1. Rounding to the nearest 10 and keeping the result within 0 to 90°, find how far the Cα-based axis of helix 137-152 lies from the longest principal axis of the chain.
2. With the cut-off at 1.5 for a/c, could you classify the range 266-305 from its C-alpha gyration tensor as rounded, prolate or oblate?
3. Hey, in the GNM for the chain with a 10 angstrom Cα cutoff, which one of H67, H161, H284 fluctuates hardest?
4. Please compute the contact order of the range 253-375 in relative form: average sequence separation of alpha-carbon pairs under 8 Å and at least six residues apart, divided by the residue count, as a percent.
5. Among 28-39, 333-344, 263-274, how do they line up by average Cβ neighbours within 10 Å per residue, starting with the highest?
6. Between the range 207-221 and the range 241-283, how far is it from one alpha carbon centroid to the other, in angstrom?
7. Counting other beta carbons within 10 Å of each Cβ, put I358, I277 in order, fewest first.
8. Between rounded, prolate and oblate, where does the range 1-153 land on the alpha carbon gyration tensor, with a ≥ b ≥ c its root eigenvalues, rounded for a/c under 1.5, else prolate if a/b exceeds b/c?
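The numbers here are math on the coordinates, done by the rules we state, and not lab data. These numbers were taken from a predicted model, which means no experiment stands behind them. Every residue, glycine as well, gets a Cβ built from its backbone with ideal geometry; the counts of neighbours run over all protein chains shown.
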Amino acid sequence: MLRFETAGESHGECLVATLTGLPAGVPISLETVNRELWRRQQGYGRGGRMKIETDRAEIVAGVRHSHTIGSPIAILIRNKDWQNWTEALPVEDIDGAEDKRKPVTRPRPGHADLAGAIKYNFHDARYILERASARETTARVAIGAMAKALLAEFGIQVLSHVIAVGSVRLERPAIWEESGELSRRDEVLLGCVDHAVEARMKEVVDEAYRTGDTVGGVFEVVAHGVPVGLGSHIAWDTRLDGRLAQAIVSMQAVKGVEVGFAAEGAASFGSKVQDTIQYDRERHRFERGANRAGGLEGGMTNGQDILVRGLLKPISTLRRPLESVDLETREPALAAYERSDVAVVPAAGVIGEAMVAIVLAQAFLEKFGGDSLAETQRNYEGYLQQVKNF
Ligand SMILES: Cc1cc2nc3c(=O)[nH]c(=O)nc-3n(C[C@H](O)[C@H](O)[C@H](O)COP(=O)(O)O)c2cc1C
């Protein structure tokens, strides 16, 4: 079983992630991990925090001589901003701690602030938002880079692109090579494969900046080179579409998920939606008329690209704050404002890639097993032979 955990507060010392179950012998490049962390920080619409942090992973266990050794992997990512919070969030109580806190008593609608404060019995939402913050996804992206490293050994790649920012939408499918080109860019605007649409997306973010508002959108994660047969139809919790949906909706601010062209499909007739089946006798393989199912049928991969979309709500912290109530006085008050992003759709796409890569790596290892990469490869090749002879 491949499993991971993360710990760390947004303004604490560091983020920590552990990953257990990756076979020994998977090549790991710190440069590649750090490139993924960099990609998560990009995009037009990010707040001041991203200017402070230049995320770097420190791998402190489980990788030696650039390869996994089969034991749990532990990763640290330090928060540069911690230096401004040593007195506000000390591990041990300090003299005059009360005056040094940075309390949040006016909960932000749409954030974890109010429900978390009530549930954990704090009259200051600080401890809640410190963990609810999407800063945590930095650790997920580092783990996702490990999952991607495993998948890459089997020719599987996971990328993303932005389909919508606010009401501006890409109205055509993106091709795989376009997402590849996007991922190599050293300047990221809004992560859309179409420059003209991206320019219109930027206008929406500019409007949000001008008006003290925020904006959401839709990203699409694409997994390429995935074999037939990951996941299974046999039980609710083995269906890979369900597991991917959970992984995507577990991301902060993601409120909806779409597998393939689900929304379009729901508004169409069946004859227009299902991907027809053909057989190519010369190449001895089954072909499909389209990929509207997003590479998943019956909870299993069908050999086509996996397409999973995440629908992001607009960021909850507004420079022009919304109506709230003070937790102490119970009087009406404007919600707290803390330096914040205005739009994060391309970054969410990168996090979505990590989540999809982790779920695929889990399903892959469930099917092919292996304590070492060589063993996983032998098992995989045996299966490919079976598929070829089908
Ligand atoms: C990449 C990314 C960055 C985010 N940045 C912020 C931010 O700067 N300010 C904010 O209020 N919310 C931000 N969010 C969203 C909140 O973390 C999220 O809305 C909050 O934790 C409540 O969870 P929920 O929206 O999933 O219910 C971000 C989300 C993502 C994916």
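1. 10 degrees
2. Values: a/c = 3.06, a/b = 1.58, b/c = 1.94.
Since a/c reaches 1.5 but b/c is at least a/b, the shape of the range 266-305 is classed as oblate.
3. Among H67, H161, H284, the largest GNM mean-square fluctuation belongs to H284.
4. Working: 124 pairs, mean separation 25.3, N = 123.
Relative contact order comes out at 21 percent.
5. Numbers: 28-39: 17.0, 333-344: 19.5, 263-274: 11.2.
Ranked from most to least packed, the peptides come out as 333-344, 28-39, 263-274.
6. The range 207-221 and the range 241-283 have Cα centres separated by 25 Å.
7. Numbers: I358 24, I277 10.
Ascending number of Cβ neighbours within 10 Å: I277, I358.
8. Numbers: a/c = 2.10, a/b = 1.98, b/c = 1.06.
Prolate is the answer for the range 1-153, as a/c is 1.5 or above and a/b outweighs b/c.
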